[in-house]
Structures are given as structure tokens and as C-alpha cells.
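Report on one structure; see the data block that follows.
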Amino acid sequence: MEEQIVQEDIVKAAQEEAEKAEGSRALYEVKMKFLGRAGIVTAMLKKMKEIAPEERPSFGKKVNAIREKLEQDFAAAEARVKQRELAAKLESESLDVTMPGKRQKKGALHPVTRVKNELVDIFAGMGFEIFEGPEIENDYYNFTALNTPADHPARDMQDTFYLSEEYLLRTQTSAGQIRFMEEHRPPIKMLSPGRVFRSDDDATHSPMFHQMEGLVVDKNVTLCDLQGMLDEFARTMFSSSSKTRLRPSYFPFTEPSVEVDVSCHACGGKGCPLCKGTGWIEVLGAGMVNRRVLENCGIDPDEYTGFAFGMGIERIAMLKYGINNIKLLTENDVRFLEQFKD
Ligand code: DAH
């Protein structure tokens, strides 16, 4: 009878404590208090010695019954606690999918990149292949092979950053013409974008800027082909009614050489501040590839002719977007750049 009371008390006490336990850690501690190696049930079994031998089997049975009952109760309590914890976790981690998200600031392509991409699109559409030459060039590719020998006055036209007697930062993407023609035979249609460097610094000149070079070499290529392509370029880049005009000029690597003007897209050719009242804006240099240049690359100038052109990408961007200072293109002030979002 005495043990009967003990059994009920223990089970009840365990149930109460288990009920109070908050979380699986606390419940585990309660379980150990009753069922652990130093727990109440073990202590009861240890008491066996003190009990009269004839009562031991029934005492042992009772203790086992208590243990089984406790094990069942604790298993049930553990399941409950786990369930509660899972529910709490799900609750705390739940996402409110109706909440507005954090606004991501969207960047914009730099105007120089935009214009470069546009130029590539225009000329790739005409079958031009992209070639990128090195920014550190040697004297031969940047000058000599382009018919500009060491004592040639045209070398004064560009203030060059020399790295050594032989090496320099290329002053023009025209250097790529030679590299490309050394590797390829006509028909050639090459487009070469890239950085160029000159010791020059004012509102319209920067010591580093970008150029886009074009080169076409094939049989029977003429200046008319050049102008046809440039007309297409002007119409796509500036305005569908844009026209081009060629003016005689001089470059050592072309003969004849021309300066190419595009009709002013701001006034349609009537004359305005952008075109300084002339109706025309100078956009690039071009010409028929000089025979010497073809010869330098092992291409027979009696069999092949070609034209080349080179333009400043910053200049095109400034004209297209009405930017009046080239420095805006390198300062990277977001207030300026933001205006070029799509
Ligand atoms: N390289 C010239 C410059 O930097 C631009 C140029 C003029 C490129 C005529 C050409 C060309 O390919 O035919 O001023």
C-alpha cells in the first residue's frame, strides 16, 4: 500500500514538472531527475536491498511499472514540446509575402559604354568584326607602320606618353589596323574600340579617352563605300534625317584623307550654338588607306584598296547627349550618370 501511494505521487509529480518545463532542454532535465542514472527511479531500485527478500519481486515489478509509465509520459511530453517548438519556429520565421520589398537601386550604363555599344551594333550589323589591340603599344604599330616615321611632322600632332624609347601608351586605335592586317587577308572589315592616351587636358580633351576605329580592305573599295556606311552610322546614331559631308584633310596613313561632318541634329542644319551656326558638326577622321600602310602589312595595294575611319567615342557621346565638358564623363558623379537610365 505504501508503494502504491509512492507510485502515484511520483507519476503525478513527473507529469506536473514535465508540464511546467519550457522547451526540450528543460524537459530533458526533468526526465533525468526521474529516469536518469542519478534519478528517482534508480534510487528506488537501489532501495531494493533494504526490502525483505520475499517482497522484492513485487517491489521490483512496481518500480518497473513506474518506469514504464514515466517513459511513456515523457515520450508524450517530448512530442508535445517538439511540436510547440516547431510551431514557434515556423511562426518566428514566417515571411509576409505581402510586405513591400527593399527597393534596389538600378544602375545605368555609362554614356561612353552606351555609345560604344551602339557603334558596335551599327557596324556589326554591316558585317564588321571586333578587334581589340593592346593599350601599351610600340612605336612601330602606333606610328611607323602607319606611315608616320620618326622624323615625320605628323608626330607633332599628338603629344604622346612615352614609356620608354620603344614603348608608349597608344595615341590612336589606328595601331590596331596594322596588327589586324598582319593577321588577316582581305576581305577585311574590322572595328576596333578602345582607350587611347594623349598628354592633353581641357574641356573637350582628356588624357585618356576612347576611340572607335574602322577598317575595310577589299577589291574595288572606294570613298563612296565609306560615305555610304557613315551615312548609315549618322542616321542611326543621331537622327534619321542626318547627312554626312566629307572635307579634305590630312592623315599620314590615309590618302586622300577626309574630315567627316554630320548635319547638326540639334537644328537640322539651319545653324545653332551646337554647330556654331554652320549646320555641320565634325565627328571623325577617315580616308583611303595609304598604299604604304597596305604594303607594310604585306597587302598588294594594286590589287586591294581600303578605307579607314576613327572617331572619339566621348566626342560622339557629348554631341549626342549635349554634354559640354568631357570631365563629366570621368568624374562619375551619380547625379550626372543617373540621367542615362533607360
Ligand atoms: N587616328 C586618327 C586620330 O587619332 C583618327 C583617324 C583618322 C583614324 C583617319 C583613321 C583615319 O582610321 O583613316 O586622330
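The values are calculated or read from the model by the stated rules, or taken from the named source; none is laboratory data. Bear in mind that the values here come from a model prediction, so they are computed numbers and not experimental data. Counting neighbours? That spans all protein chains shown, and the Cβs are built from the backbone with ideal geometry, glycine included. These area figures cover heavy atoms from the full protein model, side chains too; ligands, DNA and RNA do not enter into them. Shrake-Rupley method; radii C 1.70, N 1.55, O 1.52, S 1.80 Å.
Give the angle, between 0 and 90 degrees and rounded to the nearest 10, that separates the Cα long axis of helix 111-124 from the longest principal axis of the Cα atoms of the chain. Tilt relative to the chain: about 70 degrees. Reported value for the range 152-206: 122 Å³ per residue, from the convex hull of its C-alpha atoms.
Computed over protein heavy atoms with a 1.4 angstrom probe, the accessible surface ordering of ASP121, ASP225, largest first, is ASP121, ASP225.
Could you report the chain's accessible area per residue, 1.4 Å probe, as an integer in Å²? Using a 1.4 Å probe on heavy atoms only, each residue of the chain averages 58 Å².
Note on the range 187-273: with charges restricted to the Cβ of Lys and Arg (+1) and Asp and Glu (-1), its dipole about the Cα centre is near 240 debye. Share of pairwise Cα-Cα distances greater than 23 Å in the range 3-83 is 23 percent (whole percent). Taking the chain as a whole, the Cys residues whose C-beta sits 4.7 Å or farther from every other Cys C-beta are CYS224, CYS297. Per-residue ellipticity at 222 nm computed for the chain from its helices equals -12500 deg cm²/dmol, with DSSP H segments shorter than 4 residues left out and the rest contributing -39,500 (n - 2.57).
Need one number for the chain: average projected area of the convex hull over its C-alpha atoms, nm².
Working: hull surface 135.2 nm².
Its Cα hull, projected and averaged over all orientations, spans 33.8 nm².
Pairs from the list LYS116/LYS276; LYS20/LYS49; LYS106/LYS243; LYS62/LYS82 with a Cα-Cα gap above 32 Å: LYS20/LYS49; LYS106/LYS243. Helix 223-237 axis versus longest C-alpha principal axis of the chain: approximately 40°, rounded to the nearest ten.
One quarter of the convex hull surface built on the alpha carbon atoms of the range 124-170 amounts to 4.2 nm², the projected area averaged over directions. Please report how far the C-alpha centroid of the range 187-244 lies from that of the range 170-185, rounded to the nearest whole angstrom. Comparing the Cα centres of the range 187-244 and the range 170-185, I get a distance of 15 Å.
Surface calculation, 1.4 Å probe, protein heavy atoms: VAL216 sits at approximately 10 Å² accessible. Sorted into 10 angstrom bins from 0, the C-alpha pair distances of the range 165-260 split as 13, 36, 39, 11, 1 percent.
Computed with every protein chain present, the accessible area of HIS110 is close to 40 Å² [probe 1.4 Å]. In summary, the range 208-266 shows an alpha-carbon radius of gyration equal to 1.22 times the 2.2 N^0.38 Å reference for compact globular proteins. Simple point charges give the picture: +1 on the Cβ of Lys and Arg, -1 on the Cβ of Asp and Glu, and for the chain a dipole about the Cα centre of about 1420 debye. Could you work out what % of the accessible surface of the range 1-70 is carbon and sulfur, using a 1.4 angstrom probe and leaving DNA, RNA and ligands out of the count? Carbon plus sulfur share of accessible area: 53 percent.
Using only the Cα atoms of the range 59-105, build the gyration tensor, take square roots of its eigenvalues as a ≥ b ≥ c, and label the shape rounded, prolate or oblate: rounded if a/c is under 1.5, else prolate if a/b is larger than b/c, else oblate.
Since a/c reaches 1.5 and a/b is larger than b/c, the shape of the range 59-105 is classed as prolate.
Averaging Cα coordinates gives a centre for the range 1-62 and one for the range 262-329; these two points are 98 Å apart.
Please report, in whole Å³, the volume per residue of the convex hull around the C-alpha atoms of the range 53-206.
389
Straight-line cross-link reach from LYS105 at under 21 Å between alpha-carbon atoms covers these lysines, not counting any fewer than eight positions away in the same chain: LYS341. State log₁₀ I(q)/I(0) for the range 37-77 at q = 0.14, 0.19, 0.20, 0.28 Å⁻¹ as given by the Debye formula over alpha-carbon point scatterers of equal weight, solvent excluded. Values returned for q = 0.14, 0.19, 0.20, 0.28 Å⁻¹ are -0.34, -0.57, -0.62, -0.95. Of the trypsin sites (Lys or Arg not before Pro) in the range 14-49, which ones lie in a loop per DSSP and count no more than 15 other C-beta atoms within 10 Å? Answer in residue order: ARG37. Of the three principal axes defined by the Cα atoms of the range 92-176, the extents in descending order read 78, 35, 20 Å.
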